[in-house]
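Chemist: Here it is, the structure, as structure tokens.
The values are calculated or read from the model by the stated rules, or taken from the named source; none is laboratory data. Note that this is a predicted model, so its numbers are computed, not measured. Positions of Cβ are backbone-derived with ideal geometry, glycine not excepted, and every protein chain shown enters the neighbour counts. Heads up: the accessible areas ignore ligands, DNA and RNA and are worked out on the full protein's heavy atoms, side chains in. Shrake-Rupley method; radii C 1.70, N 1.55, O 1.52, S 1.80 Å.
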Amino acid sequence: MYIDYSKLWKLLIDKDMTKSDLMQLTGISSRVLAKLSKNETVTTDTISRICSALNCDVGDIMECASENKLSVYACYKKYGKCVGETEFVKIISVSVGEQDFTVYVSKQSANAGTYIRCAEDKAVWWEQVNSIGTLQGSPIKNILVKPTNKNGETVIVLIKGKPNVITGLDENGFVSSRSKRQNITDVYVMSETAFKLFEP
């Protein structure tokens, strides 16, 4: 079980308030606010100050929630542990219920000039095309990662930012966030936005 402060953020929206307004009303620090945002433990004094400032009850700003109800993305953000890294990716390990996940996270954020290619050589390629005005430079190509799949785990290659396109999905052992794996060794490749909605 963990404490979830989602009700607090909804209450702020309902009252047309910002997090800065909350800090000003309660005197809590940005560090405490960051802890609340991550559903981390705060003191009862902090909870009391928030309830007084918003004229509400404890149950109006927080609730106990079960880890089993968290999405894969929420578990990744809350419990993911870095187990390695390369020049281009961080490798994060997380368990959700009985399922183990290995997430290869791009260190660089993708943009409109970024093309992600899932290739036959089982590698995920990062191709960056930089434009200056109407001129387009030569693309820079790198192997982002050649993901390995251990027994029974689900492997995800997570592209931070918003790539222009991800090609080669649903072939060569790579699948999109909306697809189901055909083989246990298939690797998911997706943007961070898609990962937030991902349900394996």
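Chemist: Can you give me the % of accessible surface on the chain that is carbon or sulfur? Probe 1.4 Å, all protein chains present, nothing else counted. Mind showing how you got there, number by number?
Modeler: Numbers: 5780 of 11730 Å².
The nonpolar share, carbon plus sulfur, comes to 49 percent.
Chemist: Find the relative contact order for the stretch 91-180 and round it to a whole percent, using C-alpha pairs within less than 8 Å whose residues are 6+ positions apart.
Modeler: Relative contact order comes out at 35 percent.
Chemist: What pairs in 7/146; 10/146; 10/180; 7/90; 78/146; 19/146 have C-alpha atoms more than 29 Å from each other?
Modeler: Going by Cα-Cα distance, 7/146; 10/146; 10/180; 7/90; 19/146 fall outside the 29 Å limit.
Chemist: Please work out how much length the chain gains when fully extended from residue 172 to residue 10, using 0.36 nm per residue of separation minus the C-alpha to C-alpha distance, in nm with one decimal.
Modeler: Taking 0.36 nm per residue and subtracting the Cα distance, the gain is 54.0 nm.
Chemist: Can you compute the FRET efficiency between residue 164 and residue 199 using 1/(1 + (r/R0)^6), with r the Cβ-Cβ distance and R0 = 41 Å? Round to the nearest 0.05.
Modeler: Values: r = 25 Å, r/R0 = 0.62.
Computed FRET efficiency for residue 164 and residue 199 comes out at 0.95.
Chemist: What are the aspartates and glutamates whose alpha-carbon lies under 16 Å from the alpha-carbon of residue 162, with same-chain residues fewer than 8 places away excluded?
Modeler: Straight-distance partners of residue 162: 127, 192.
Chemist: Quote the FRET efficiency, to the nearest 0.05, computed for residue 57 versus residue 146 with a Förster distance R0 of 41 Å and r equal to the Cβ-Cβ distance.
Modeler: Approximately 0.20, to the nearest 0.05.
Chemist: Continuing with this model, one more query. Quick one: among 48, 95, 179, which has the greatest mean-square fluctuation in a GNM of the chain with alpha-carbon springs under 10 angstrom?
Modeler: 48
Chemist: Over the chain, what is the mean sequence separation of C-alpha contacts under 8 Å (at least six apart), divided by residue count, expressed as relative contact order in percent?
Modeler: The normalised contact order for the chain reaches 16 percent.
Chemist: Mind checking the per residue accessible area of the chain for me, 1.4 Å probe, whole number of Å²? Mind dumping the intermediate values first?
Modeler: Details: 11730 Å² over 200 residues.
Counting only protein heavy atoms, the per-residue value for the chain is 59 Å².
Chemist: Could you give the nm distance between label points at residue 121 and residue 3, where each point is 7 Å from its Cα heading toward the beta carbon?
Modeler: Here the modelled spin labels are 5.1 nm apart.
Chemist: So, one more: Determine the relative contact order of the stretch 151-200: mean sequence separation of Cα pairs under 8 Å and six or more apart, normalised by residue count, in whole percent.
Modeler: 44 percent
Chemist: Okay, moving on. Given axes a ≥ b ≥ c from the Cα gyration tensor, I'd like to know whether the stretch 1-153 is rounded (a/c under 1.5), prolate (a/b larger than b/c) or oblate.
Modeler: oblate
Chemist: Starting from 0.36 nm per residue, how many nanometres of slack lie between residue 25 and residue 182 once their C-alpha separation is accounted for?
Modeler: My answer for the length gained is 51.2 nm.
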